[in-house]
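Derivation of every value follows stated rules applied to the coordinates shown; laboratory data play no part. Computed from a predicted model, the values in this text were never measured in an experiment. Every residue, glycine as well, gets a Cβ built from its backbone with ideal geometry; the counts of neighbours run over all protein chains shown.
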Amino acid sequence: MGRTVGLAAAVVAVAIAAGLSLGRAPATDPAPAGGGDGLPDRLSGPEATPLPPARLPALRGRGTVRLADYRGAPLVVNFWASWCDPCVREMPALQAVAADLEGRVRFLGVAVRDDRRRARALARRTGVTYDLAQDRSGRLFSRVDGYGMPTTLLVDPQGTIAYRHTGPLDAPGVRALVRRRLGVRG
């Protein structure tokens, strides 16, 4: 019992440190989190990991979203779910930045382990118009070492994850990360 309580306290402390419950982005890149407690070494921070190839069902229509099709342009990939309150709160901010940066940065929202109808309804309700896909099993989320939601990946034009942010972002936070990590001003 004591060990379970200790682990739960560690998870809460890391979540708070990562900004999962703060609802805002830090002014600078967040510091690495984790450290010997079984949690990932880095919940947020720079990296240089290839975005794995994947084919996902499009959330709108019947098509397929292929991650390889996004190469050649900067990309923001946001993992979310309709049951995740911080995800719901950040979606309008992502949409605003996506609209401002249209033609310069591509955005892809990936609903993870979510009911298709609920995910589509949320996208309509929040006004999201950028590309959306569904990761029904959570396999892609696992392959990119996703830990908490929302998780946002900034991917360079060569298909390399340049930065990961775990936790919600506001519009200024998204703009700052896109500027600093992808070199796109806007």
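Just so you know, in segment 77-108 the residues that are acidic (Asp, Glu) and without any contact (Cβ under 8 Å) to a residue 24 or more places away in the chain include one that is nearest to VAL174 (Cα to Cα), and it is GLU102.
Residue pairs whose Cβ atoms lie under 6 Å apart, separated by 6 or more positions or on different chains, with the first residue in segment 43-64 and closer than 22 Å to MET149 by Cβ and the second assigned to a strand (DSSP E or B) and aromatic (Phe, Trp, Tyr), are PRO46/TYR163.
ALA133 satisfies every condition listed in (1) under 12 Å from the mean Cα position of the chain (by Cα); (2) surrounded by 21 or more Cβ atoms within 10 Å (Cβ to Cβ) except (1). On inspection, ARG116 does not qualify as of a type outside the set (Phe, Trp, Tyr) and over 20 Å from ARG55 (Cα atoms). Considered as a group, the residues in segment 142-161 that are over 13 Å from the mean Cα position of the chain (by Cα) and closer than 14 Å to ARG71 by Cα include one that is surrounded by the most Cβ atoms within 10 Å (Cβ to Cβ), and that residue is ASP156. Counting the residues of segment 166-184 that are surrounded by 18 or more Cβ atoms within 10 Å (Cβ to Cβ) and either not in a loop (DSSP other than H, G, I, E, B) or not hydrophobic (A, V, I, L, M, F, W, C) (or both) gives 11.
The residue list GLY146, GLY109 contains one member that is closer than 18 Å to PRO86 by Cβ, small (Gly, Ala, Ser) and assigned to a strand (DSSP E or B), which is GLY109.
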